[in-house]
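Q: Pasting a structure here, questions to come.
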Amino acid sequence: MKVGKYKVKRDDTVLIVIDLQERLMNAMKDREKVYKNTNLLLSMVKEFNIPVILSEQYPRGLGTTVAVIKDNLPKDYIYIEKLSFSVCGAGLFDKLADMGKNTVIVCGSETHVCVFQTVRDLVEAGYNVHLVGDAVCSRFDENYENSLSLMSELGAVVTNTETVVFDLLEVAGTKEFKAISPLIK
């Protein structure tokens, strides 16, 4: 078995944060967990200057990104406003090609709609996709669980926040480890 797709490499990775918007997130029971884990991912990628892409689905109707996430974004994040459910339908492929990155870490909402369609399109296009299962959410458990299973079957690596964080850190004792370890509680 080849295990290369299960490794997250700092120099080949981008983080995509999908649609963590005010009106949408108000309906999510797991929103606080998703905020905590997404912010941990954001803190981690900032330590290594890993690019961040943030999408918003129809912000005029669903509101903008929640403040608790927006306040932790790196200054140079890339913004995509979209109407298509998949971020890929809104120019994501062009942005990824410009960056030359092949591994995509995905978090956001809703798991069974925008996250699923984005992951499906990324996998189909040949990207190495790591879906962070504890940093995505749906309104209903069945939709969340079903979509995680579907994305795994498609070939995405369904993982969790700490696995991604420690894979990127690689070793204890570094300045990055010392900056991130207090955030893991």
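Q: Among the residues of segment 154-166, is there at least one that is within 18 Å of the chain's Cα centre (by Cα), at pLDDT 95 or above, acidic (Asp, Glu) and in a helix (DSSP H, G or I)?
A: Yes: segment 154-166 contains one or more residues that are within 18 Å of the chain's Cα centre (by Cα), at pLDDT 95 or above, acidic (Asp, Glu) and in a helix (DSSP H, G or I).
Q: Go through segment 20-40 and count every residue that is outside any helix (DSSP H, G or I), of a type in the set (Asp, Glu) and surrounded by fewer than 18 Cβ atoms within 10 Å (Cβ to Cβ). Full working, then the answer.
A: Taking segment 20-40 and keeping what is outside any helix (DSSP H, G or I), we get 20-21, 26-30.
Then keep just the ones that are of a type in the set (Asp, Glu); that gives 30.
In the following step, the residues that additionally are surrounded by fewer than 18 Cβ atoms within 10 Å (Cβ to Cβ) were identified as none.
Residues in segment 20-40 being outside any helix (DSSP H, G or I), of a type in the set (Asp, Glu) and surrounded by fewer than 18 Cβ atoms within 10 Å (Cβ to Cβ): 0 in total.
Q: Additional query: Taking the stated definitions as given, is Gly126 modelled with pLDDT of 95 or more and part of a strand (DSSP E or B)?
A: Details: modelled with pLDDT of 95 or more: yes; part of a strand (DSSP E or B): no.
Here the answer is no, as Gly126 does not meet what is asked.
Q: Which condition number does Phe177 fail, the rest of (1) of a type in the set (A, V, I, L, M, F, W, C); (2) touching a residue at least 40 places away in the same chain (Cβ under 8 Å); (3) assigned to a helix (DSSP H, G or I) being met?
A: Every listed condition holds for Phe177 apart from (2).
Q: Quick one: would you say Lys82 is without any contact (Cβ under 8 Å) to a residue 24 or more places away in the chain, out of contact with any Leu (no Cβ under 6 Å at 6 or more places or on another chain) and surrounded by 14 or more Cβ atoms within 10 Å (Cβ to Cβ)?
A: Working: without any contact (Cβ under 8 Å) to a residue 24 or more places away in the chain: no; out of contact with any Leu (no Cβ under 6 Å at 6 or more places or on another chain): yes; surrounded by 14 or more Cβ atoms within 10 Å (Cβ to Cβ): yes.
So Lys82 fails the test.
Q: Only one of (1) loosely packed, with under 15 Cβ neighbours inside 10 Å; (2) under 17 Å from the mean Cα position of the chain (by Cα) is not met by Glu142, so which one is it?
A: That leaves (2) as the condition not met.
Q: I need a count of the residues in segment 57-80 that are under 18 Å from Asp94 (Cβ atoms) and not in a loop (DSSP other than H, G, I, E, B). Give the derivation first.
A: Quick first cut of segment 57-80, residues under 18 Å from Asp94 (Cβ atoms) only: 76-80.
After this cut, where a residue has to be not in a loop (DSSP other than H, G, I, E, B) as well, the list is 78-80.
Residues flagged as under 18 Å from Asp94 (Cβ atoms) and not in a loop (DSSP other than H, G, I, E, B) within segment 57-80 amount to 3.
Q: Here is a list of conditions, (1) farther than 18 Å from Asn160 by Cα; (2) under 14 Å from the mean Cα position of the chain (by Cα); (3) among the β-branched types (Val, Ile, Thr); (4) not in a strand (DSSP E or B), and Ile53 meets all of them except one; can you say which number that is?
A: If we test Ile53 against (1) farther than 18 Å from Asn160 by Cα; (2) under 14 Å from the mean Cα position of the chain (by Cα); (3) among the β-branched types (Val, Ile, Thr); (4) not in a strand (DSSP E or B), just (4) comes out false.
Q: Of the conditions (1) in a helix (DSSP H, G or I); (2) exposed (fewer than 14 other Cβ atoms within 10 Å of the Cβ), Val171 clears all except one; give me its number.
A: Of the numbered conditions (1) in a helix (DSSP H, G or I); (2) exposed (fewer than 14 other Cβ atoms within 10 Å of the Cβ), the odd one out for Val171 is (1).
Q: What's the total number of residues in segment 72-110 that are more than 21 Å from Ala135 (Cα to Cα) and either acidic (Asp, Glu) or in contact with a Cys (Cβ under 6 Å, 6 or more places away or on another chain) (or both)?
A: Going through segment 72-110 one residue at a time, the tally reaches 3.
The values are calculated or read from the model by the stated rules, or taken from the named source; none is laboratory data. Nothing here was measured: the structure is a model prediction, and the numbers come from that model. FYI the Cβ positions are ideal-geometry reconstructions off the backbone, even for glycines, and counts take in every protein chain you see.
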